[in-house]
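Student: Following this message is one structure expressed as structure tokens.
The values are calculated or read from the model by the stated rules, or taken from the named source; none is laboratory data. Computed from a predicted structure; not experimentally measured. A quick note on method: Cβ atoms are made from the backbone with ideal geometry, for glycine too, and the neighbour counts reach across all protein chains shown. Just so you know, the surface numbers come from the protein's heavy atoms only, side chains and all, with ligands and any DNA or RNA stripped out. Shrake-Rupley method; radii C 1.70, N 1.55, O 1.52, S 1.80 Å.
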Amino acid sequence: MYRFVLTRQWVCLTLVALALIPAMIKLGFWQFHRHEHRVAQNELIARNLYGKPVPMTGLTSPGHTVPRSDFWRAVTATGTYDPAHEVVVRMRTSNDDKVGFHVVTPLVLADGRAVLVNRGWVAGGGDARAYPPVPAAPSGEVTVTGRLKADETSGGSGIKDRKGLPDRQVMLINSEQQAAALGRPVLGGYLELTAPAPADGSPEPVGEPDHDSIGAHMAYAVQWWLFAAAVPVGWMVLVRRERRDREQAQAQAAAATGAVSPEPASA
């Protein structure tokens, strides 16, 4: 009755179905793990963003690599800006996706160490190789609050730190690179300024990282698992349809044979 499933065509179809099931299950778990990662990431960002600010010196030091658990921690630092060693970071976007620069100004602490402060975004001028118009940093001793970020690297940012750039322009915010230029120790990572906000809105403060949306990964996971469950169901539907079609074909052949068979001779 079901011997047709042993034919070459059906064996190939069955093998394809058997291969698809685990592949789809694996894809479903891949999307599920991405969903879990996104949820954990959102929780980490929210927890660190809205925690009580702590001194940056308590979380990092020169040469220190900021761990993922400290990303976006609310931190404070007190010192004096060093505008002479200020740099701008190329190819950065504003909160409304305009391309320009981030302004990074060292903040010199009382002990002589420095903190890199990303003061925010500014637009470029007519010449991309010229230093853009940047509002002056506050003078005198200031206390700043912001988000702790890890040093950028070419592997993490997807941007290579190109040589031959115009003076005081860089591609990455990196404490080790800036320590060499400053000639003083620089705390690992950098501070993304949130307060005090500039009176005239420039530089434009960097917006908070997205920590509300979770994407559609869970929906994709369920979709892949439903596809995996549908494969054996579809296989059975095709088998039963094939069996029915074969039975109907056999019945029609038998009927046709009976219709053309010679009548028995009369006595």
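Student: Using R₀ = 30 Å, calculate the FRET efficiency as 1/(1 + (r/R₀)^6) where r is the Cβ-Cβ separation of Ala195 and Ala128; round to 0.05.
Tutor: 0.45
Student: Under the 0.36 nm per residue contour assumption, what length would be gained going from the current alpha-carbon distance of Val99 and Asp210 to full extension?
Tutor: That works out to 38.0 nm of additional length.
Student: Pull out the extension gain between Ala249 and Glu36, defined as 0.36 nm times the separation in residues minus the alpha carbon to alpha carbon distance; nm, one decimal.
Tutor: Between Ala249 and Glu36, full extension yields an extra 71.4 nm.
Student: Determine the calculated [θ] at 222 nm for the chain from helices alone, applying -39500 (n - 2.57) to every DSSP H run no shorter than 4 residues and normalising by the residue count; nearest 500 deg cm²/dmol.
Tutor: -13000 deg cm²/dmol
Student: Enumerate by residue number the trypsin sites (Lys or Arg not before Pro) in the range 35-109 meeting two conditions: DSSP loop (anything except H, G, I, E, B), and at most 16 other Cβ atoms within 10 Å of the site's Cβ.
Tutor: When the trypsin sites (Lys or Arg not before Pro) of the range 35-109 are filtered for loop state and at most 16 Cβ neighbours within 10 Å, Lys98 remain.
Student: Also, I was wondering about something else. Given q = 0.17, 0.23 Å⁻¹, what are the Debye log10 I(q)/I(0) values for the range 79-153, with equal point scatterers placed on the Cα positions and solvent ignored?
Tutor: -0.70, -1.13
Student: (i) 23.7; (ii) 23.2; (iii) 19.3: which one is Kirkwood radius over Cα pairs in Å as calculated from this entry?
Tutor: (i)
Student: Across the range 90-107, in residue order, what do the Karplus-derived ³J(HN,Hα) couplings come to in whole Hz, using 6.51 cos²θ - 1.76 cosθ + 1.60 with θ = phi - 60° and x for Gly and Pro?
Tutor: 6, 6, 10, 9, 7, 5, 10, 6, 8, 8, x, 9, 9, 9, 10, 10, x, 10
Student: Here is a follow-up. Considering only protein heavy atoms and a 1.4 Å probe, what is the carbon-and-sulfur percentage of the accessible area of the chain?
Tutor: About 59 percent, which is the carbon plus sulfur part of the accessible surface.
Student: For a label point 7 angstrom out from the Cα of Ala181 toward its Cβ, which stretches of the range 101-122 have the backbone nitrogen within less than 18 Å?
Tutor: Once the point is set 7 Å along Cα→Cβ of Ala181, 101-109, 113-122 turn out to lie under 18 Å by backbone N, inside the range 101-122.
Student: List the aspartates and glutamates whose Cα lies under 15 Å from the Cα of Lys52, skipping any in the same chain that are fewer than 8 positions away.
Tutor: Lys52 reaches Asp70.
Student: Right, something else. In Å², and per residue, what accessible area does the range 41-192 have when probed at 1.4 Å with the other protein chains present?
Tutor: Ligands and nucleic acids excluded, the figure is 47 Å² per residue.
Student: How about Lys98: which aspartates and glutamates have a C-alpha closer than 13 Å to its C-alpha, ignoring those fewer than 8 places off in the same chain?
Tutor: Glu204
Student: Taking the Cα atoms of the range 163-218 alone, what are Rg (to one decimal) and Dmax (as a whole number) in Å?
Tutor: When restricted to Cα atoms, the range 163-218 yields Rg and Dmax of 16.5, 50 Å.
Student: Among the DSSP beta bridges whose two residues both lie in the chain, what percent are antiparallel, rounded to the nearest 5?
Tutor: Once the DSSP bridges in the chain are tallied, antiparallel ones form about 80 percent.
Student: Starting from the Cα-Cα distance between Val11 and Tyr50, subtract it from 0.36 nm times their residue separation and give me the gain in nm to one decimal.
Tutor: The Val11-Tyr50 span can extend by a further 8.1 nm.
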